[in-house]
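Engineer: For reference, the structure I am asking about is given below.
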Amino acid sequence: MKRIGIFTSGGDAPGMNACIRAATRYGIAKGVEMFGIKHGYKGMIDDAIIPMDRYSVSGIIGRGGTILGTDRCPEFTTAEGRKQALANLQKHGIEGLVACGGNGTFCGATIFFEEHGLPVIGTPGTIDNDLYGTDFTIGYDTAVNIAMEAVDRLRDTAESHGRTFFVEVMGRHAGFIALDVGTAVGAEYVAVPEVVTSFEDLCQYIEKVDQDRRHIFIISEGDDYGGAFKFAEDFKKRFDVEARVAILGHIQRGGSPTARDRILATRLGAAAVQALLDGKNCMMAGEINGEISLTPMRETWEKKSEIDRGLLELVEVIR
Ligand code: F6P
């Protein structure tokens, strides 16, 4: 394989740049010509494909976001869009792809491979940590640490004013961020999409322990109860006291990646290129128990990565 293209797609995640850097330099070290595809699948369709040398990725290891840009590209969900993408990749002589993204990216890559046979290896780049086939995704550790620091700050106000905070964290379909942040900040309650929320249970807990109502509750955005505002509204009605809401939103996706994310991204970026050179295709390079492992790409988004329910119970036991 002489020419490999790399792209980032879906929500940006801290560490994507470290992955681009590692894949590019590893490929070059192995005698491959490397290409960057801008804005994910959109760049394939629009022919925004650029040659990369070792200097194209200088000084980016500590930067958040992605220097290649990213997109959630509806055109790529059509057969027509994918045909156009293939034609542009062939024009540049690209024989293999490294795709850094989450489940939407890998769903698209699986279909593309099954349709056209162009080898692709994924690296898990999403703050959600919801991909099967890796213990952690690139960006997750940074997002959890950012949210933890934010909640620590909110706790100062909660303590000083005797106020309750409902803090909403990201994770569309998965409660990994909520659970780890909740554990790390000593939250009294964590609402996740994987478990049906009982507002009544929460109220009973509050009635049992509460004197000064300065609680921190962590709500995953995908939770079924209806989000942090709904919790706060119902809490006010029930207890006739004020509650505040903080939605951390995209703040969790930005900023410089932690050392763990940079190291993970570096290992996986290089592993993805090596996998292509070894003739592998349609797989994701992940890390399981500290070892690099390749998982069929379809499984990464079809199978479910489970939160640690024991940890969720522990949060409630020790609150
Ligand atoms: O998948 C990453 C993620 O940050 C989710 O946690 C969140 O629900 C979603 O992306 C937000 O997407 P967008 O940036 O397109 O609003």
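Engineer: State whether segment 170-269 is rounded, prolate or oblate according to the following rule on the C-alpha gyration tensor (a ≥ b ≥ c being the square roots of its eigenvalues): a/c under 1.5 gives rounded; otherwise a/b larger than b/c gives prolate, and the remaining case gives oblate.
Structural biologist: prolate
Engineer: At 4 °C and a viscosity of 1.567 mPa s, what translational diffusion coefficient does Stokes-Einstein give for segment 228-319, taking Rh as the Kirkwood radius over Cα pairs? Give it in µm²/s as a whole number.
Structural biologist: After rounding, the answer is 73 µm²/s.
Engineer: If one computes the Cα centroid of segment 101-131 and of segment 137-161, what distance in Å separates the two points?
Structural biologist: Centre-to-centre (Cα) distance: 30 Å.
Engineer: Considering only ALA22, ALA87, ALA285, give the residue with the highest GNM mean-square fluctuation for the chain, with springs between Cα atoms whenever their separation is below 10 Å.
Structural biologist: ALA87
Engineer: Between segment 295-319 and segment 204-225, what's the alpha-carbon centroid distance in Å?
Structural biologist: Segment 295-319 and segment 204-225 have Cα centres separated by 22 Å.
Engineer: Let me ask something additional. By how many degrees, 0 to 90 and rounded to 10, does the Cα axis of helix 79-91 deviate from the longest principal axis of the chain?
Structural biologist: Between helix and principal axis, roughly 50 degrees.
Engineer: Sticking with this one: For segment 32-160, with every protein chain kept in place, what is the accessible area per residue (1.4 Å probe, Å²)?
Structural biologist: On the way: 5080 Å² over 129 residues.
Accessible area per residue: 39 Å².
Engineer: Let me ask you something else. Expressed as a fraction of 2.2 N^0.38 Å, the rule-of-thumb size for a compact globular protein of N residues, what is the C-alpha radius of gyration of segment 28-137?
Structural biologist: Compactness ratio reported: 1.07.
Engineer: Compute a Gaussian network model of the chain, connecting alpha carbons closer than 10 Å, and tell me which residue from LEU276, LEU202, LEU179 fluctuates the most.
Structural biologist: For the chain, modelled as a Gaussian network with Cα springs under 10 Å, the answer is LEU202.
Engineer: Go through LYS208/LYS236; LYS38/LYS304; LYS30/LYS83; LYS42/LYS83 and tell me which ones have a Cα-Cα distance over 22 Å in this structure.
Structural biologist: Beyond 22 Å: LYS38/LYS304; LYS30/LYS83.
Engineer: Let me ask something additional. How big is segment 84-173 along each principal axis, measuring the range of its Cα positions in Å and listing the largest first?
Structural biologist: 63, 23, 23
Engineer: As a test of the definition: which semi-axes, in Å, follow for segment 1-78 when you take the square root of five times each eigenvalue of its alpha carbon gyration tensor? Largest first, please.
Structural biologist: Values: eigenvalues 84, 51, 15 Å².
In descending order the semi-axes read 20, 16, 9 Å.
Engineer: While we're here: Rounded to the nearest 500, what is the chain's calculated 222 nm mean residue ellipticity when only DSSP H runs of at least 4 contribute -39500 (n - 2.57) each, over all residues?
Structural biologist: Mean residue ellipticity, 222 nm, calculated: -13500 deg cm²/dmol.
Engineer: By accessible area of protein heavy atoms, probe 1.4 Å, what ranking do GLU168, GLU233 get, highest first?
Structural biologist: GLU233, GLU168
Engineer: For segment 141-253, what % of the accessible area comes from carbon and sulfur atoms, probe 1.4 Å? Mind dumping the intermediate values first?
Structural biologist: Details: 2340 of 5040 Å².
Of the solvent-accessible surface of segment 141-253, carbon and sulfur hold 47 percent.
Engineer: Can you give me the three principal axis dimensions of the chain from its C-alpha atoms, in Å, biggest first?
Structural biologist: 68, 37, 33
Engineer: Which GluC sites (Glu not before Pro) from segment 243-319 combine a DSSP loop assignment with at most 16 other Cβ atoms within 10 Å?
Structural biologist: Passing sites in segment 243-319 are GLU306.
The values are calculated or read from the model by the stated rules, or taken from the named source; none is laboratory data. Keep in mind it's a predicted model, so treat the numbers as computed, not measured. In this analysis, Cβ positions are derived from the backbone assuming ideal geometry, glycine residues included, and neighbour counts consider all displayed protein chains. The area values use the complete protein model at the heavy-atom level, side chains included, leaving out ligands, DNA and RNA. Shrake-Rupley method; radii C 1.70, N 1.55, O 1.52, S 1.80 Å.
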